[in-house]
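*Asks:* Can you keep this structure in mind? I'll have questions shortly.
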Amino acid sequence: MLSTPAAGLLFILAWIYPSYALYFHIGETEKKCFIEEIPDETMVIGKYRTQLWDKQTNSFLPSTPGLGMHVEIKDPDTKIILSRQYGSDGRFTFTSHTPGEHQICLHSNSTKMALFAGGKLRVHLDIQVGEHTNNYPEIAAKDKLTELQLRVRQLLDQVEQIQKEQNYQRYREERFRMTSESTNQRVLWWSIAQTLILIVTGIWQMKHLKSFFEAKKLV
């Protein structure tokens, strides 16, 4: 049994790094993309399964095995790190090498959807990030770990993932600071340019008025 502080820590860690599951509807050849913020050197596992709309039963049924799904993943520099064709159910894995927003896109390029009313496809997607990708029962069986050793292994993995997340937050903070400094510098130079334009315009107006008054012999 874990003590109360340890159990609380596990709860907090699980809350910080949840895996999430969702489903969405797409049409034939339609693409759906998701943005996932991922620290560097972090493993991500995505699992999906598809269902097609059946007009006779008025419900979604498991897709035929021949239905094709294409998965494409881009890193923060829009470089493609994974582009592969899968079946109606699939599992994809990748490791981030650059911290930031990764784009995960899925779409079907199968014409089998046209056989169903409206060609509607429901995709159930489950994305796991960091230590949630580890299969701890399998690790325990393989390495012959006791329950306590397995708990310690989980905590170590979670602490490592938190360190990666902290590094990523520092990276985001640094980029935000650089962007803010760059914006402030541009605003400053624009203010200086506006001031110079006003001064030059004022001098020109004064000279123009002086010439006008002299021409009219008012001065």
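The values are calculated or read from the model by the stated rules, or taken from the named source; none is laboratory data. None of these values were measured; they are calculated from a predicted model. Every residue, glycine as well, gets a Cβ built from its backbone with ideal geometry; the counts of neighbours run over all protein chains shown. For the accessible areas, the whole protein counts, side chains as well, though only heavy atoms, and no ligand, DNA or RNA atoms are used. Shrake-Rupley method; radii C 1.70, N 1.55, O 1.52, S 1.80 Å.
*Asks:* From GLY46, GLY119, which residue is at pLDDT below 85 and crowded, with 19+ Cβ neighbours inside 10 Å?
*Replies:* Details: GLY46 fails: at pLDDT below 85.
Just a single option satisfies the conditions, and that option is GLY119.
*Asks:* Step by step: first the residues of region 79-98, then only those that are outside any strand (DSSP E or B) and in contact (Cβ under 8 Å) with a residue 24 or more places away in the chain, then the one that is least open to solvent (accessible area, probe 1.4 Å). Which residue is that?
*Replies:* Quick first cut of region 79-98, residues outside any strand (DSSP E or B) only: 79, 87-88, 96-98.
Imposing the further condition that a residue be in contact (Cβ under 8 Å) with a residue 24 or more places away in the chain reduces the set to 88, 96-98.
Values: SER88: 16, SER96: 0, HIS97: 130, THR98: 41 Å².
Restricting to residues being outside any strand (DSSP E or B) and in contact (Cβ under 8 Å) with a residue 24 or more places away in the chain, the top hit is SER96.
*Asks:* Output yes when any residue across region 104-111 is open to solvent by 90 Å² or more (accessible area, probe 1.4 Å), at pLDDT 80 or above and assigned by the TED database to the domain that holds ILE38, and no when none is.
*Replies:* To start, the set of residues in region 104-111 that are open to solvent by 90 Å² or more (accessible area, probe 1.4 Å) comprises 111.
With the extra rule that they be at pLDDT 80 or above, the set shrinks to none.
No, the conditions are met nowhere in region 104-111.
*Asks:* Kindly provide the set of residues from region 22-48 that are aromatic (Phe, Trp, Tyr) and under 13 Å from the mean Cα position of the chain (by Cα), ordered by number.
*Replies:* Start the filter on region 22-48 by keeping residues that are aromatic (Phe, Trp, Tyr), which leaves 23-24, 34, 48.
Of everything in region 22-48, just one residue is aromatic (Phe, Trp, Tyr) and under 13 Å from the mean Cα position of the chain (by Cα), namely PHE34.
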